[in-house]
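*Asks:* Quick one: this structure, given as structure tokens, is what I'll be asking you about.
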Amino acid sequence: MLLFSTLALLCLLPLLALCAEDYYKLLGLSKDADDRQIKKAYRNLSKKYHPDKNPNDESAHQKFVEIAEAYDVLTDPDVRKIYDQHGHEGVKQHQQGGQRGGGGHDPFDLFSRFFGGGGHFGRGQRRGQNMEVRINVPLRDFYTGAEHEFKVSKQAICDDCEGSGSEDGQRDTCHKCNGQGMVIQKHMLAPGIFQQMQMQCDVCGGRGSTVKHKCKKCGGHRVVRAEESFELHVEKGMPQGVRVTYENEGDESPDWEAGDLVAHLEEKEPEIGKEDKERTDGTFFRRKDQNLFWREVLSLREAWMGGWTRNLTHLDGHVVQLSRERGQVVQPGTVEMISGEGMPIWRHEGDGPAYGSLNVEYVVVIPDAMDSSMVKDFSSVWDKHRKKSGIDLFADSGRPTPKPGGHDEL
Ligand SMILES: [Zn+2]
Ligand SMILES: [Zn+2]
């Protein structure tokens, strides 16, 4: 019994350790990290583990929530002190004691976490414009599904000053409004009659103070131009023109919540690829919704006499075989529908077909010229056949009356 409980305890230990990962370690910081370092680490990590960038990744999701928790604790000076002295248990007791206060906001609301403090911004808050990008994806990726990375140049909050514009956090009282944030403006409505209007100070933007030493990286502008990479998950069968939204990844500013970055997926013009997998017939399939279209060329002999085989390489390299037995005729312009060889149905569920169809149109090419011996050979075949079926070209010239049960010509 004793052995059993010891074993059970041993099994539990790693679990306990997992729940209580050190907050500093989690953010990659030392114990004496200052507020700015904490914010910076959190900003970077929360972006890395954001669910938008890690779809269907449960462990990234978990990490994201843990990072948020660490950030909440370490950026509240009182709670941080408790954590430093009493660890996770201390913080837990503190929170259960009804002292939750500003802690525990929604880990997904990144903006209010950075700039809003208590999360009181709500829906009514100012929001930046959405950014739109167009991404060209080859048809093959729409067929097989694919992971891509793309880069976007956007306005980003300066990392060095965390969007304050200040090198050291020191601020001067604004000289124009004397720290009020507001100035009175007089408008003359008529001679001797003034209207007084209170307006936001344009020097400090209503903050009442100006930055003493401007941040060297952003020059006090609080934002910089930065290139950021995004993961693009192209799902099997996604329609052309589909929009993929990256929440709050548009241009950033400390003054508003970033809008979304919206990627439009378009189909890339097909081209002969360099790699083997890019050199399939499928590269040149045309897509319409869930169906694919292809034009196959047959020679006159093939169309008429049959006895041929074609191996079409599909977008993922698998082979679709087209063939006719000897004697099977293909009329020019015939469209053969091969079900199950079209595009995958996007987010397919249930019993319906998982793929659309591939529609092959047959084009028959008649040779431009024949050498004289061929003309002779063919003529004799026609003549022989005419005699056999009793067609007299002179009597039946124009439009011959069809004979029941037979063709008028070969
Ligand atoms: Zn001012
Ligand atoms: Zn800066």
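Every number here is computed from the coordinates shown, using simple stated rules; none is lab data. Bear in mind that the values here come from a model prediction, so they are computed numbers and not experimental data. Counting neighbours? That spans all protein chains shown, and the Cβs are built from the backbone with ideal geometry, glycine included.
*Asks:* Between region 313-357 and region 195-247, what is the C-alpha centre distance in whole Å?
*Replies:* 49 Å
*Asks:* Using a 7 Å offset from the Cα along the Cα-to-Cβ direction at both K48 and T334, what is the distance between the two label points in nm, to one decimal?
*Replies:* 6.1 nm
*Asks:* Pop the C-beta distance of D316 and Q62 into the FRET formula with R0 = 41 Å and round what comes out to the nearest 0.05.
*Replies:* Efficiency for this residue pair is about 0.75.
*Asks:* Sorted by packing (mean other beta-carbon atoms within 10 Å per residue), highest first, where do 268-281, 144-157 land?
*Replies:* Order by mean packing, descending: 144-157, 268-281.
*Asks:* Taking the Cα of V262, stepping 7 Å toward and past its beta carbon, and measuring to each backbone N in region 216-245: which are under 12 Å?
*Replies:* Within reach of a label on V262: 242-245.
*Asks:* With a Förster radius of 35 Å, plug the Cβ-Cβ distance of E21 and K214 into 1/(1 + (r/R0)^6) and report the FRET value to the nearest 0.05.
*Replies:* So, using R0 = 35 Å, E works out to roughly 0.40.
*Asks:* Say the cut-off is 20 Å between C-alpha atoms; which of K53/K217; K25/K47; K31/K214; K40/K63 go over it?
*Replies:* K53/K217; K31/K214
*Asks:* Go ahead and run the numbers for FRET between D78 and I184, Cβ-Cβ distance against an R0 of 41 Å, rounding to 0.05.
*Replies:* Given R0 = 41 Å and the Cβ-Cβ separation, E is 0.55.
*Asks:* Pull out the extension gain between N136 and T173, defined as 0.36 nm times the separation in residues minus the alpha carbon to alpha carbon distance; nm, one decimal.
*Replies:* 8.2 nm
*Asks:* Which aspartates and glutamates have a Cα less than 15 Å from the Cα of K384, not counting those fewer than 8 places away in the same chain?
*Replies:* K384 reaches D392, D408, E409.
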